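Scroll down for the structure; my scribbles are underneath it.
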Amino acid sequence: MVNIKKIIVTGSSSGIGNSITKTLIKNKIKVIGISRNKEKNVIKSKYFQSEEIDFSELKNIPMKIEKVLDQNEDVEGLISCAGVGYFGNIENFSVDKILRSIHTNLLSHIILTKYLVPFLKKKNKGKLIYIGSESALNGGKKGSLYSAAKFGLRGFTQSIRAEVASRNITVTLINPGMVKTNFFNNLDFQPGSNKKNSIIVYDIAKIVMSILEMNINTSVDEIVMNPIIKSVIKK
């Protein structure tokens with residue numbers, strides 16, 4: 001049984017966030033879906049509400065998230081999925097691209113949490129779930145920007161978990177390996193073509209649902225998911 005009735009999902013217009021959103025809606029959980037482009041973030045359901053925030057523009061987050069929370073006092077948690085993937089040799093990245101990567105993949109999660117934590121503390125309960133990556137466990141060649149952000153997110157969730165535990169707020173980090181989504185559209189590599197080489201996106205959504213169904217006294221700290229056979233191919 002799921003006790004949560006309304007939750008915020010970032011990155012809800014595509015990939016992992018979209019899969020999670022659709023799974024929650026099927027289970028009659030109201031979702032406030034946040035994405036960069038509201039026009040692409042359309043799900044026709046009475047359980048879905050679309051909001052537009054570009055997480056690479058940090059200055060816009062406080063005002064917009066405060067407005068969302070003011071208008072939705074029954075929100076009981078956050079599933080933070082927003083992210084971008086830039087891979088390559090560090091010397092080839094512009095400063096703007098470096099900032100965009102760290103802003104979206106790390107700082108946006110931190111800023112959102114800054115506003116959600118006091119909001120949930122007043123309720124004395126809540127769920128905070130973050131989509132990390134296997135890149136939070138091992139830094140890989142040409143993955144410096146992505147790993148830097150994901151390592152940072154992992155440390156951040158560990159600290160926040162300790163801060164909010166006494167207020168019945170659980171914090172979970174899910175670290176998936178390669179998931180075949182549009183994440184790889186603009187990259188020069190992707191998971192192998194065999195179905196054993198990538199995670200099914202709905203398996204991540206199922207994990208999220210199981211966390212939401214757990215007793216308030218149970219904390220799932222961290223989950224690592226991987227395809228049964230790892231394989232990366234060049235496009």
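Going through (1) without any contact (Cβ under 8 Å) to a residue 12 or more places away in the chain; (2) under 23 Å from HIS103 (Cα atoms) one by one, LEU137 falls short only on (1).
Regarding region 80-101, can at least one residue be identified that is buried (at least 19 other Cβ atoms within 10 Å of the Cβ), over 20 Å from ASN182 (Cα atoms) and touching a Ser or Thr at 6+ places or on another chain (Cβ under 8 Å)? Within region 80-101, none of the residues are buried (at least 19 other Cβ atoms within 10 Å of the Cβ), over 20 Å from ASN182 (Cα atoms) and touching a Ser or Thr at 6+ places or on another chain (Cβ under 8 Å).
Taking PHE156, is it in a helix (DSSP H, G or I), aromatic (Phe, Trp, Tyr) and touching a His at 6+ places or on another chain (Cβ under 9 Å)? Taking the combined requirement at face value, the residue satisfies it.
Candidates ASN185, ASN197: the one that is surrounded by fewer than 12 Cβ atoms within 10 Å (Cβ to Cβ), free of Cβ contacts under 8 Å to residues at least 40 places away in the same chain and not basic (Lys, Arg) is ASN185. Pick from region 116-138 the residues that are buried (at least 16 other Cβ atoms within 10 Å of the Cβ), at pLDDT 95 or above and part of a helix (DSSP H, G or I): which of them is nearest to the chain's Cα centre (by Cα)? Among them, the one singled out is LEU116.
Let's see how each residue does on (1) over 30 Å from VAL2 (Cα atoms); (2) in contact with a helix residue (DSSP H, G or I) (Cβ under 9 Å, 6 or more places away or on another chain):
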| site | (1), (2) |
| --- | --- |
| CYS81 | no, yes |
| ASP96 | yes, no |
| LEU106 | no, yes |
| LYS121 | no, yes |
| ILE129 | no, yes |
| SER135 | yes, yes |
| GLY143 | yes, yes |
| SER159 | no, no |
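Residues of region 194-226 that are under 23 Å from GLN158 (Cα atoms), aliphatic (A, V, I, L, M) and either in a helix (DSSP H, G or I) or within 18 Å of the chain's Cα centre (by Cα) (or both): ILE204, ALA205, ILE207, VAL208, MET209, ILE211, LEU212, VAL220, ILE223, VAL224, MET225. Here region 144-174 is the region considered, the condition is being of a type in the set (Val, Ile, Thr) and in contact with a Gly (Cβ under 9 Å, 6 or more places away or on another chain), and the residue that is nearest to SER219 (Cα to Cα) is THR170.
Taken over region 134-150, the criterion of being within 19 Å of ILE174 (Cβ to Cβ) and basic (Lys, Arg) is satisfied by LYS150 alone. Remark: pairs (first residue in region 160-179, under 15 Å from SER80 (Cα atoms); second residue assigned to a helix (DSSP H, G or I) and of a type in the set (Asp, Glu); Cβ separation under 7 Å; 6+ apart in sequence or on different chains) = ASN175/GLU134; PRO176/GLU134. Provide a single number: the residues in region 7-24 that are in a helix (DSSP H, G or I) and over 17 Å from ILE129 (Cα atoms). Adding up the residues that qualify gives 0. Screening SER56 on (1) in contact with a Gly (Cβ under 6 Å, 6 or more places away or on another chain); (2) modelled with pLDDT under 90 shows it passes everything except condition (1). Please determine whether any residue of region 61-72 is basic (Lys, Arg) and in contact (Cβ under 8 Å) with a residue 24 or more places away in the chain. No.
One line per residue, one yes/no per condition, for (1) among the polar types (S, T, N, Q); (2) within 22 Å of TYR202 (Cβ to Cβ); (3) surrounded by 19 or more Cβ atoms within 10 Å (Cβ to Cβ):
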position	(1), (2), (3)
GLY15	no, yes, yes
GLY33	no, yes, yes
LYS44	no, yes, no
ILE53	no, no, yes
LYS59	no, no, no
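Answer with yes or no whether LEU106 is under 30 Å from GLY177 (Cβ atoms) and either in a helix (DSSP H, G or I) or of a type in the set (Lys, Arg) (or both). Here the answer is yes, as LEU106 does meet what is asked.
The values are calculated or read from the model by the stated rules, or taken from the named source; none is laboratory data. Here the structure is a predicted model, which means the values were calculated and not measured. Because the Cβ atoms are built from the backbone with ideal geometry, glycine has one as well, and the counts that use them run over all protein chains shown.
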